[in-house]
Amino acid sequence: MGIFIILTIVIIVILYIFSSPTLSPIPYFPSQKVDIPLIIKALNLTNNQTVIDLGAGDGIVIFAAAQEALKKKLNTKFIAIEINPVLLLIMYIKKIFHPNRKNIKIVYADMFKLNFKKLLTFDFSLLTFYLYISPWFLKKVITNINSQLATNKQQLTIVSYMYTIKSLKEKERIIQGKNKIFVYQI
Ligand SMILES: C[S@@+](CC[C@H](N)C(=O)[O-])C[C@H]1O[C@@H](n2cnc3c(N)ncnc32)[C@H](O)[C@@H]1O
């Protein structure tokens, strides 16, 4: 009986976290597994690069990309930004068992309030953002990235899963998977 009550409370808390507009303003949908190899191709992994997944979910992209970087003996760094505590917990657990964990950082933060310069305490001349967020939030995030980073000397690439970024249309390259992957080199 006691266990049943605890389980019910845990389920209610998890449901609340996933449906709360504060704790999960953008609903959690993982990138499609079948598209992961193409997403990794779009990230164009290389040495001295930092890849940031804004709203990383359970880390499906970050962990697969970190695995690939390790395979290629690259020193690429990966940062997973997430606001949902349940997904953060899943990522922390996954990180413990990941062979390239030293290059993976998991950060509890709101992507709309993120201070990129505080986050990137090392050389970040090659910066790649991965985004799988609703189109109406994409604009807000791109504005934030531009306002904080556009005047710096780093090479900035944005990879957007499924959704085009209208303001960057002239720089758009499309990789066709099950869903489209939009790549912008800024
Ligand atoms: C569509 S999912 C994408 C997950 C992951 N990037 C992937 O491709 O599988 C969007 C993610 O953004 C997270 N999220 C929503 N609002 C956020 C915010 N303000 N700051 C950080 N993460 C947020 C959600 O919890 C969710 O995991």
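The values are calculated or read from the model by the stated rules, or taken from the named source; none is laboratory data. Treat the numbers as computed from the prediction; the structure is a model and nothing was measured. Neighbour counts run over all protein chains shown; Cβ positions are idealised from the backbone, glycine included. Quick note on the areas: whole protein, heavy atoms, side chains included, nothing else; ligands and nucleic acids left out. Shrake-Rupley method; radii C 1.70, N 1.55, O 1.52, S 1.80 Å.
Enter the per residue convex hull volume of the range 97-173, computed from alpha-carbon coordinates, in Å³ rounded to the nearest integer.
Numbers: hull volume 10.3 nm³, N = 77.
So the per-residue hull volume is 133 Å³.
Over the chain, with the other protein chains present, what is the accessible area per residue in square angstrom, probe 1.4 angstrom?
Values: 10290 Å² over 186 residues.
Here the residues of the chain average 55 Å² of exposed surface.
Could you run the Karplus curve 6.51 cos²θ - 1.76 cosθ + 1.60 with θ = phi - 60° over the range 174-180 and give me ³J(HN,Hα) per residue in whole Hz, x for Gly and Pro?
So the Karplus estimates, Gly and Pro as x, are 10, 10, 8, x, 4, 10, 6 Hz.
Could you derive backbone 3J(HN,Hα) for the range 56-69 from the dihedral phi with the Karplus parameters 6.51, -1.76 and 1.60 (θ = phi - 60°), listing whole Hz in sequence and x where the residue is Gly or Pro?
Going residue by residue, I get 7, x, 8, x, 3, 7, 4, 5, 5, 5, 5, 5, 5, 4 Hz, with x marking Gly and Pro.
What's the carbon and sulfur percent of the chain's accessible surface, probe 1.4 angstrom, rounded to a whole number?
Working: 6560 of 10290 Å².
The nonpolar share, carbon plus sulfur, comes to 64 percent.
Using θ = phi - 60° and the Karplus curve 6.51 cos²θ - 1.76 cosθ + 1.60, what whole-Hz ³J(HN,Hα) does each residue of the range 38-43 get, with Gly and Pro shown as x?
6, 5, 5, 4, 5, 6
Quick check for me: using +1 on Lys/Arg Cβ and -1 on Asp/Glu Cβ, what's the dipole size of the chain about its Cα centre, in debye to the nearest 20?
Numbers: 23 positive and 9 negative charges, 98 e Å.
Dipole magnitude for the chain comes out near 480 debye.
Share of Cα-Cα pairs in the range 1-122 beyond 17 Å, in percent? Intermediate values should be presented prior to the final figure.
Details: 4448 of 7381 pairs.
Beyond 17 Å sits 60 percent of the P(r) for the range 1-122.
Does anyone have the angle between helix 135-149 and the longest principal axis of the chain? Alpha-carbon axes, 0 to 90°, nearest 10?
Approximately 60 degrees, to the nearest 10.
Measure nothing fancy, just the Cα-based angle from helix 85-96's long axis to the longest principal axis of the chain, in degrees from 0 to 90, nearest 10.
Taking the Cα atoms of the chain, the angle to 85-96 is about 70 degrees.
Considering amide H positions built from the backbone, and no H for Pro or chain starts, which residues 5 or more places from residue 180, or on another chain, come under 5 Å of its amide H?
162
Find which of 107, 136, 121 sits farthest along the positive direction of the dipole of the range 94-151, computed with +1 on the beta-carbon of Lys and Arg, -1 on that of Asp and Glu, about the Cα centre.
After comparing all options, I get 107.
Which residues' amide hydrogens lie under 5 Å from the amide hydrogen of residue 106, considering only partners 5 or more residues apart or on another chain, with H built in the peptide plane?
Sorted by chain and number, the residues that satisfy this are 80.
Compute the acute angle (0 to 90°) between the alpha-carbon long axis of helix 2-19 and the principal axis of greatest extent of the alpha-carbon atoms of the chain; round to the nearest 10°.
Once rounded, the angle reads 30 degrees.
Would you kindly compute the Cα radius of gyration of the range 48-111 and its largest Cα-Cα separation (Dmax), both in Å?
10.8, 32
Among DSSP beta bridges lying fully in the chain, give the percent that are antiparallel, nearest 5. Mind dumping the intermediate values first?
Numbers: 10 of 32 bridges.
Expressed as a percentage, antiparallel bridges in the chain total about 30.
Can you give the convex hull volume per residue for the Cα atoms of the range 140-186, as a whole number of Å³? Please list the in-between numbers first.
Numbers: hull volume 3.3 nm³, N = 47.
In the range 140-186, the Cα hull volume divided by residue count equals 69 Å³.
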